[in-house]
């Protein structure tokens with residue numbers, strides 16, 4: 001871990017700010033991590049470069065600017081392990097490919113177990129991970145203390161009985177990820193249209209042929225939604241009802257401290273997750289505010305609860321000053337898994353429902369969504385993730401591994 | 001922190017309540033007559049507007065009664081009106 005003086009100087013140019021053309025082969029709604037990664041892989045893997053990424057605010061200013069940057073792939077079910085570990089493998093090569101250092105740091109994640117049942121569930125998940133080729137270990141409390149000496153394992157209301165440990169997991173600097181992707185997309189000819197809100201669609205019968213925006217229509221051969229918490233506001237305009245509920249999700253950061261926290265720690269039971277950013281802030285998060293909301297603002301009791309948990313787990317945090325808290329708007333599905341696939345409307349595709357865990361999947365989501373848009377068919381990795389699973393009942397229930405936040 | 005108006009106890013902190021989601025989601029009159037898509041929609045799909053939303057709360061740390069309010073999900077403004085019951089979902 002570095003308390004970091006090594007952040008490279010920003011390159012001279014990142015991306016243009018062009019006026020939109022009248023038509024594009026592909027319009028992507030949302031210039032967050034997933035929208036950027038989708039544009040990137042459309043260009044890289046499918047040779048499609050006539051792309052506009054249309055963004056209501058500024059590039060990577062939504063959840064991409066607000067997440068806690070945790071990357072891991074230790075999910076329980078086969079479909080999830082495949083999707084998230086594919087993403088993790090892409091993370092491992094992405095910075096070289098983008099020629100842009102974004103401080104991907106594989107410092108490992110501990111998922112703590114505090115009850116006998118959690119021990120059984122966590123060990124089951126670690127075994128399932130191993131069967132799926134995802135690295136996972138089970139650590140005893142003594143072994144946990146070696147990995148993370150500042151963690152209080154015994155002198156607390158819910159003692160730490162063990163933890164799963166994924167060494168390949170870690171964090172990355174989210175803004176730099178976005179800028180690296182955007183710069184590369186720009187080089188390949190992708191247009192980023194910022195401060196332009198998509199408000200609906202231009203349709204011809206059951207075909208989507210463009211998007212409506214707050215300053216004029218833009219024609220599109222295909223449209224991909226990567227709009228996170230605001231997805232249903234768009235699909236509602238087509239009468240397309242998706243099983244999504246938008247919630248505030250809060251996170252927070254302390255003042256900058258010396259390096260004290262060597263890894264990522266998550267606890268479902270006492271409900272908090274923490275890491276220390278490269279620059280030195282302790283970064284904390286927990287669950288969504290339970291009510292629906294688009295205000296990008298949550299309630300203080302949610303912060304109070306997770307800080308109480310954090311201070312009990314990490315007594316050294318007690319003297320740290322909280323500097324900032326904030327919230328994003330996340331779209332949560334009933335099974336805590338995303339929806340990625342075609343829609344009943346021809347040429348309209350959705351990538352949504354990532355809930356509280358979308359950042360970790362950024363390159364993987366982009367890869368499979370680009371494939372879905374380019375070919376009109378899901379990639380094998382996102383085939384189980386279509387919206388039809390809410391009719392067939394073939395849910396991908398990841399409430400356990402989606403962990404703290406849902 | 002939201003200030004939630006319980007119809008029986010008055011204005012209380014949000015922490016005293018649990019959230020119940022969209023109001024007026026009725027159990028289908030004859031579920032066996034529904035096709036899979038309609039049943040799936042009943043189970044999984046709820047309205048998700050940015051704006052006025054009829055929703056349920058329960059005063060768990062107070063009178064323990066359920067009630068409905070209208071809240072603007074974009075501004076969090078809560079109105080104590082009783083939501084107008086919609087004809088159909």
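Values quoted throughout were computed directly from the atomic coordinates according to the rules given, and no laboratory measurement underlies them. The model shown is predicted, which means the values in this text are computed figures rather than measured ones. Quick reminder, even Gly has a Cβ in these numbers, built from the backbone with ideal geometry, and neighbours come from all protein chains shown.
Between residue A:152 and residue A:308, full extension at 0.36 nm per residue minus the direct alpha carbon distance yields a gain of 54.8 nm. Angle, helix A:116-131 long axis vs. longest principal axis of chain A, Cα atoms, 0 to 90°, nearest 10? On a 0 to 90 degree scale, this one is about 50. Taking Cα atoms only, the orientation of helix A:33-46 departs from the longest principal axis of chain A by about 60 degrees.
Taking the DSSP bridge list for chain A and keeping only pairs wholly inside it, about 70 percent are antiparallel.
Mean per-residue shielding of peptide B:37-44 is 5, counting Cβ atoms of other chains within 10 Å of each Cβ. Per residue of peptide A:328-339, the mean number of Cβ atoms on other chains within 10 Å of the residue Cβ is 1. Each residue of the protein assembly as shown gets 154 Å³ once the volume of the Cα convex hull is shared out per residue. Within 10 Å of the Cβ of each residue in A:118-128, the mean number of Cβ atoms contributed by other protein chains is 0. Axis of helix A:78-98 versus longest Cα principal axis of chain A: the two differ by about 80°, to the nearest ten degrees. Each of A:148, A:185, B:63, B:6 was scored by other Cβ atoms within 10 Å of its Cβ. Arranged with the fewest first, they read B:63, B:6, A:148, A:185.
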